[in-house]
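Just below is one structure, and these are the notes that go with it.
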Amino acid sequence: MPPHKIETGHRDVVHDIAMDYYGKRIATASSDNTIKIIGVSGTSHQQLATLSGHEGPVWQIAWAHPKYGSMLASCSYDGRVIIWKEGSKPDEWAQEHTFNEHKSSVNSIAWAPHELGLCLACGSSDGNVSVFMARSDGGWETTRIDQAHPVGVTSVSWAPSMAPGALISPGPSGQFEYVQKLASGGCDNTVKVWKLTNGSWRMVQQQFLCCHHRPVS
């Protein structure tokens, strides 16, 4: 099959793309400070919406699991993370929530496995990792890993739900409970694994990557 070119309509570099759960839409992030939503079907495509809200280059986007509705997260050089929610029409998107926890560029975001709830991890150049968990009352609960990588966080990733033992472990009562575990990479050339224990994130593993001489991204 010949390659299929999609015209995004961006006026600057495209940094990230993400396809939704059903493979019917693509979101793109660009240095022109916008996000484009593009519908795809076979070899055809259609620009559905342009999301404007960031005041700097948008580095990464991530679709939430559809069980939580049609939602998209984005992070930017402006230090903000925005949760976008689709309205009743494909071209209607609104800012559901904006997080201003970080004091520098937010470089990476990742939704947790849907079994853990609507939960988003973010890594920033300020060295911190923040985790936002949606509450039933519509608000968000925040936990943070201060100075996870003091010279900057470049990437975050959750333990996959299908990995044996990654999400479920025996609790104190003998019943199985979910485990929240994520990994972060940084400008210090290291990867660290963190686990949420009694409401606080604790490092359970650190790997100095001797084969890497530049930041892990």
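The values are calculated or read from the model by the stated rules, or taken from the named source; none is laboratory data. Computed from a predicted structure; not experimentally measured. Note that we place each Cβ from the backbone using ideal geometry, even for glycine, and neighbour counts take in every protein chain shown.
Checking LEU120, LEU72, LEU116 one by one, the residue that is modelled with pLDDT under 95 and either hydrophobic (A, V, I, L, M, F, W, C) or crowded, with 20+ Cβ neighbours inside 10 Å (or both) is LEU116 and no other. Counting only strands (runs of 3 or more DSSP E) that fall entirely inside segment 103-150 and contain at least 2 residues that are more than 14 Å from VAL81 (Cα to Cα), the qualifying elements are 140-145. Scanning segment 1-57 for residues that are under 16 Å from CYS75 (Cβ atoms), among the hydrophobic types (A, V, I, L, M, F, W, C) and within 18 Å of the chain's Cα centre (by Cα) yields VAL14, ILE17, ALA18, ALA27, ALA29, ILE35, LEU51. Among the conditions (1) closer than 15 Å to ALA64 by Cβ; (2) surrounded by fewer than 18 Cβ atoms within 10 Å (Cβ to Cβ); (3) at pLDDT 95 or above, the only one that THR98 does not satisfy is (1).
Looking at ILE6, ILE17, ILE109, just one residue is crowded, with 20+ Cβ neighbours inside 10 Å and β-branched (Val, Ile, Thr), and that residue is ILE109.
Can you pull out the residues in segment 110-134 that are more than 12 Å from GLN180 (Cα to Cα) and touching an Asp or Glu at 6+ places or on another chain (Cβ under 6 Å)? Scanning segment 110-134 gives ASN128, SER130. Of all residues in segment 1-29, none that is not assigned by TED's automatic domain parsing to the domain that holds LYS67 has its Cβ atom under 9 Å from the Cβ atom of a residue that is surrounded by fewer than 17 Cβ atoms within 10 Å (Cβ to Cβ), 6 or more apart or on another chain.
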